[in-house]
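Enquirer: Please see the structure below; I have some questions.
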Amino acid sequence: MRHRSESRGRAPLRALVVGAVAAVATTSVRAHAQSSDTAFSAMQARGAQTMGVDQATSTHRFEPLPDGGRIVLVRDAPDSAGAERIRAHLRALRDAFAAGDFSMPMFIHMQTVPGATVMAERRHLIRYTESDLPNGGALRIETTDPAAVAAVRAFLAFQRGAHRTSSGPPAGQPTGRSSPR
């Protein structure tokens, strides 16, 4: 009998402990989400500063391709000034990446982007080509070197995750927004 009464007496205590743990876990998840959203907002702000356009009103894709990949950035609505800023940004990226300089993505993400070190080391094996698209542009990254291809794909995969985008359909096709914002 004594065992049963102790069990009954502990039931409210267990409920209290379980409730407290659930409350802490919920608070922790909310705090992480807020922290994540704050970090994402800060990354977006650094991106806007670097690119010259608000990424929330642009479609940004990082497309893996068999011989490397492509970065696509276009305004969601007609904006000739914004499209020209995008094109200038992509030309600057082309020149910097070809020289092995990955400081722009490092500034935007506040870390060394995966793949960037190998891309810098193998810069002489990678070709960067910027092209204009309606309302923006694209940066094509091509190589036949297997290690460089893997580095480009790691670079683009990180970018897709950090910018919360998908690779999406090929540029030039109607897409709308490629990721929820």
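The values are calculated or read from the model by the stated rules, or taken from the named source; none is laboratory data. Since this is a predicted model, take the numbers as computed values, not measurements. Quick reminder, even Gly has a Cβ in these numbers, built from the backbone with ideal geometry, and neighbours come from all protein chains shown.
Enquirer: Residues in segment 84-94 that are surrounded by fewer than 21 Cβ atoms within 10 Å (Cβ to Cβ) and in contact with a strand residue (DSSP E or B) (Cβ under 8 Å, 6 or more places away or on another chain): how many?
Expert: Going through segment 84-94 one residue at a time, the tally reaches 3.
Enquirer: Follow-up question, since we're still on this one. Output the residue which, of all residues in segment 62-117 that are of a type in the set (S, T, N, Q) and assigned to a helix (DSSP H, G or I), is farthest from the chain's Cα centre (by Cα).
Expert: Out of the qualifying residues, it is Ser80.
Enquirer: Can you name the number of the only condition in (1) within 22 Å of the chain's Cα centre (by Cα); (2) over 16 Å from Leu93 (Cα atoms); (3) at pLDDT 95 or above that Arg160 fails?
Expert: Condition (3) is where Arg160 drops out.
Enquirer: Here's another thing I want to ask about it. All but one of (1) more than 24 Å from Val74 (Cβ to Cβ); (2) surrounded by fewer than 19 Cβ atoms within 10 Å (Cβ to Cβ) hold for Leu133, so report the exception by its number.
Expert: For Leu133, the failing item is (1).
Enquirer: Still on this structure: Checking Glu142 against (1) at pLDDT 95 or above; (2) under 27 Å from Thr38 (Cα atoms): exactly one of these is not met. Which one?
Expert: (2)
Enquirer: Can you name the residue in segment 60-93 that is in contact with a Lys or Arg (Cβ under 6 Å, 6 or more places away or on another chain) and in contact (Cβ under 8 Å) with a residue 60 or more places away in the chain and, of all such residues, is farthest from Ala148 (Cα to Cα)?
Expert: The qualifying residue farthest from Ala148 (Cα to Cα) is Val72.
Enquirer: A follow-up question, please. Determine whether segment 44-51 contains at least one residue that is modelled with pLDDT under 75 and outside any helix (DSSP H, G or I).
Expert: no
Enquirer: May I pose another question? Are any residues in segment 118-165 touching a residue at least 12 places away in the same chain (Cβ under 8 Å) and polar (S, T, N, Q), and if so, which ones?
Expert: Thr129, Asn135, Thr143, Thr144, Gln159, Thr165
Rundown of residues vs (1) farther than 17 Å from Gln159 by Cα; (2) at pLDDT below 95; (3) basic (Lys, Arg), yes/no style:
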| position | (1), (2), (3) |
| --- | --- |
| Gly82 | yes, yes, no |
| Arg85 | yes, yes, yes |
| Ser103 | no, yes, no |
| Met110 | no, yes, no |
| Arg123 | yes, no, yes |
| Arg127 | yes, no, yes |
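Enquirer: Continuing with this model, one more query. Taking segment 72-83 on its own, how many of its residues are surrounded by 22 or more Cβ atoms within 10 Å (Cβ to Cβ) and in contact with a helix residue (DSSP H, G or I) (Cβ under 6 Å, 6 or more places away or on another chain)?
Expert: Looking only at that region, the number is 1.
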